[in-house]
1. Write out, first by first residue and then by second, each pair whose Cβ atoms fall under 9 Å of each other, whose residues are 6+ apart or on separate chains, and whose first residue, in region 1-18, is under 17 Å from L64 (Cβ atoms) while the second is among the basic types (K, R).
2. Give A52, A47, A89 a once-over and let me know the one that is more than 16 Å from Y211 (Cβ to Cβ), of a type outside the set (D, E) and in contact with a helix residue (DSSP H, G or I) (Cβ under 6 Å, 6 or more places away or on another chain).
3. Given the options E271, E275, name the one that is surrounded by fewer than 17 Cβ atoms within 10 Å (Cβ to Cβ) and modelled with pLDDT of 95 or more.
4. Is at least one residue of region 224-238 under 20 Å from the mean Cα position of the chain (by Cα), at pLDDT 95 or above and either part of a helix (DSSP H, G or I) or more than 30 Å from V153 (Cα to Cα) (or both)?
5. Residue check: is V153 surrounded by 18 or more Cβ atoms within 10 Å (Cβ to Cβ), among the hydrophobic types (A, V, I, L, M, F, W, C) and without any contact (Cβ under 8 Å) to a residue 40 or more places away in the chain?
6. Would you be able to say whether some residue in region 278-285 is part of a helix (DSSP H, G or I), more than 15 Å from A180 (Cα to Cα) and touching a strand residue (DSSP E or B) at 6+ places or on another chain (Cβ under 6 Å)?
7. Of the numbered conditions (1) basic (K, R); (2) within 20 Å of A269 (Cα to Cα); (3) out of contact with any helix residue (DSSP H, G or I) (no Cβ under 6 Å at 6 or more places or on another chain), R69 satisfies every one except a single condition; which is it?
8. Looking at (1) touching a strand residue (DSSP E or B) at 6+ places or on another chain (Cβ under 9 Å); (2) part of a helix (DSSP H, G or I); (3) of a type in the set (G, A, S); (4) closer than 22 Å to G151 by Cβ, can you tell me which one G92 breaks?
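The values are calculated or read from the model by the stated rules, or taken from the named source; none is laboratory data. These numbers were taken from a predicted model, which means no experiment stands behind them. Positions of Cβ are backbone-derived with ideal geometry, glycine not excepted, and every protein chain shown enters the neighbour counts.
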Amino acid sequence: MTGLGAVFRPQLPPERLRALARIADESGLEELWLWEDCFLEGGVSAASAALAWTERLRVGVGLLPVPLRNVALTAMEAATLERMFPGRAILGVGHGVQSWMGQVGARAESPMTLLREYLEALRALLRGERVTTEGRYVTLDGVALDWPPEGTVRVFAGATGPRTLRLSGAAADGSILTAATPPDGVRRARQLIDEGRESAGRTGPHPVVVYLRAATGPDAAARLRAETEADGEGSLPEHGAAGDAEAVAEAVRRLADAGADTVVLQPTADEPDPEGFVRFVAREVRPLVP
């Protein structure tokens, strides 16, 4: 079955998360995803609260920008969430928006090197290993978690370009693709991820999460078109879905057929009813997605 989720956009004030997370949980939504966009809301703090307010909902953060976070801190937080809420937290890491990283003095000269070192160290720490490494960006001296996860924690990587997609396949446990990724882009991403997996000798599953812009209601098409144009993507129909549940479900099915394991519906920034959007995804779209 294709996984289905929705995004709580950080343009909403943090105090709205509690009600929306509870609606997601009660309506049967599988996954609620959060963003750690600068300088809006903290991803881990928001995820922890959403998990505590709910019973069965999985909560993803896609993604944590690695230049902002020491890898040991990310490992501590990931392990803590897993032990408190087993199997319900999903964390993705990535380069971050480079202009934002520059604003806080954290921009890396080689984002690829940083992400590779980070992924290798983070996954080792979450396996309960004691890690000593001295890389260009990541340095650890005999670091091990006192409270490592009791189960397996998958580390996802956000990826867009070919080099990062190959790196994700080689060094991450799953990949997150942006809402600018059409079905053909998902197929190409899968190929690049598999190239990275083969180069690293990795044979286990590598789930792919894809965001999909979605809008419903009488002005859905206009809102979706305005958002894609504002993001510099024009009004390409494959960059979103507007309309009723069947129209949105059809777009989800196309991404799933192209290789997406989970599709996360991303409301427009001006969505007039975020809580209603979550109910729409859970109660109307989900039954139409096999």
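1. F8/R16
2. A89
3. E275
4. No.
5. It is false that V153 is surrounded by 18 or more Cβ atoms within 10 Å (Cβ to Cβ), among the hydrophobic types (A, V, I, L, M, F, W, C) and without any contact (Cβ under 8 Å) to a residue 40 or more places away in the chain.
6. Of all residues in region 278-285, those part of a helix (DSSP H, G or I) come to 278-285.
Remaining after also requiring more than 15 Å from A180 (Cα to Cα): 278-285.
Imposing the further condition that a residue be touching a strand residue (DSSP E or B) at 6+ places or on another chain (Cβ under 6 Å) reduces the set to 278, 281.
Yes, some residue in region 278-285 is part of a helix (DSSP H, G or I), more than 15 Å from A180 (Cα to Cα) and touching a strand residue (DSSP E or B) at 6+ places or on another chain (Cβ under 6 Å).
7. Single failed check for R69: (2).
8. Of the numbered conditions (1) touching a strand residue (DSSP E or B) at 6+ places or on another chain (Cβ under 9 Å); (2) part of a helix (DSSP H, G or I); (3) of a type in the set (G, A, S); (4) closer than 22 Å to G151 by Cβ, the odd one out for G92 is (2).
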